[in-house]
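Report on one structure; see the data block that follows.
Coordinate-derived values only; no laboratory data. It should be emphasised that the depicted structure is a prediction, and the values quoted were computed from it without experimental measurement. Positions of Cβ are generated from backbone atoms using ideal geometry, with glycine treated the same way; all protein chains shown enter the neighbour counts.
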Amino acid sequence: MADRLSHLAVFLRVAERGSLTAAARDLSVSQPTVTRAIAALEAELGTRLLHRTTHALALTEAGRTLLPRARRMLAAWAGIAEDLAECDTLSGPLHVVAPIALGQTELMPALAAFRAAHPAVTVNWQLTDAPVRLSETGADLWIRVGPVPDATLVVRHVGDVARHAIGHPRFADVDLADAPWITLGPYEGRQIVLADRRFDAAPGLNTNSIAVVARALTEGLGVAIAPDWYLRRELDAGLLVRLAEATPLPVHMAFAPERRTRRLEAFMAAMEARLRSHVVA
């Protein structure tokens with residue numbers, strides 16, 4: 001059984017890295033060791049798992065079928081080992097997908113404090129605002145602003161992010177339907193949705209970066225729907241003003257039930273405490 005789990009772990013790393021050499025480097029073993037592990041797993045299962053050519057490596061249909069199952073089996077085993085350990089020390093890897101802005105700013109203190117408290121837990125911290133499938137990425141946790149489009153996950157609603165139409169003070173008396181708009185692509189389209197009305201707008205600037213939105217707002221390029229937490233200093237200083245209330249966005253934490261471990265629960269508690277005290281209502 002130990003060899004099978006070891007071979008599955010090698011297969012998983014090869015599949016995720018797309019390279020025997022990269023997987024060997026990550027696992028601190030030789031490439032022939034990786035090749036032998038894959039060959040042994042293929043012999044055990046009676047099927048080819050990888051297509052190998054001089055320049056590329058790809059999963060076969062059997063390999064694609066095995067991949068999510070391998071992730072579940074290895075995660076389940078890690079959870080069992082952690083739960084039965086005689087010490088209370090948390091250890092092992094955590095792969096987390098978080099929103100770009102939150103992951104670069106407000107969540108970093110909680111991440112730093114967690115790592116200081118649990119140095120044996122290693123964190124792979126990946127940032128994106130786009131929808132993901134945890135079964136394909138192998139992530140343990142998805143911190144998501146907005147809905148979670150995956151019914152297979154356990155989803156916790158942490159709270160809601162307050163948002164407003166925000167702009168330079170010179171836009172205070174401008175009808176928002178006539179204002180120049182800046183839109184944040186992952187969340188806003190051509191239709192502007194406020195708490196009391198909605199209308200179509202042709203954005204003069206569209207971006208996938210909240211940092212670009214913030215800079216464009218302070219430069220007076222237009223108005224945008226933005227989260228209050230990100231622009232707190234500019235709003236408090238009067239550099240920007242709230243022009244209208246917009247619908248809030250929910251913040252969720254989502255994970256596959258088989259990946260629940262003590263270290264994941266501890267990490268989620270740290271992230272939720274930070275979100276509730278600094279970001280969500």
Using Cα centres only, tell me the gap between the stretch 22-50 and the stretch 138-161 in whole Å. 33 Å
Subtracting the Cα-Cα distance from 0.36 nm times the residue separation, let me have the gained length for D3 to R190 in nm, one decimal. 61.9 nm
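Work out how much length D88 to Q104 would gain on full extension: take 0.36 nm times their residue separation and subtract the Cα-Cα distance, in nm to one decimal. Could you put the intermediate results ahead of the total?
On the way: separation 16, 0.36 × 16 = 5.76 nm, distance 2.99 nm.
Extra length available between D88 and Q104 comes to 2.8 nm.
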Peptides 95-107, 55-67 ordered by average Cβ neighbours within 10 Å, highest first: 95-107, 55-67
Taking square-rooted eigenvalues a ≥ b ≥ c of the alpha carbon gyration tensor, is the stretch 1-59 rounded, prolate or oblate, where a/c under 1.5 means rounded and, failing that, a/b exceeding b/c means prolate? oblate
For the stretch 1-106, what does the alpha-carbon gyration tensor say about shape, rounded, prolate or oblate, given a ≥ b ≥ c as the root eigenvalues, a/c under 1.5 as rounded, and a/b over b/c as prolate? oblate
What is the spin-label model distance, in nm, from A172 to R197 if the labels are put 7 Å beyond Cα along the C-beta direction? 2.0 nm
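For S209 and E44, what does the FRET efficiency come to when R0 = 51 Å and r is the distance between their Cβ atoms, rounded to the nearest 0.05?
0.60
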Label assignment, Kirkwood radius over Cα pairs in Å derived from the structure, set (1) 21.4; (2) 20.5; (3) 19.3: (1)
In nanometres, what is the gap between the two model label sites at E258 and R25, each 7 Å from Cα along Cα-to-Cβ? 3.0 nm
Efficiency of FRET from Cβ geometry, D160 and R36, R₀ 51 Å, rounded to 0.05: 0.45
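Give, in nm to one decimal, the length gained when the segment between S135 and E265 is fully stretched (0.36 nm per residue of separation minus the Cα-Cα distance). The partial results should precede the final answer.
Numbers: separation 130, 0.36 × 130 = 46.80 nm, distance 1.89 nm.
Between S135 and E265, full extension yields 44.9 nm more.
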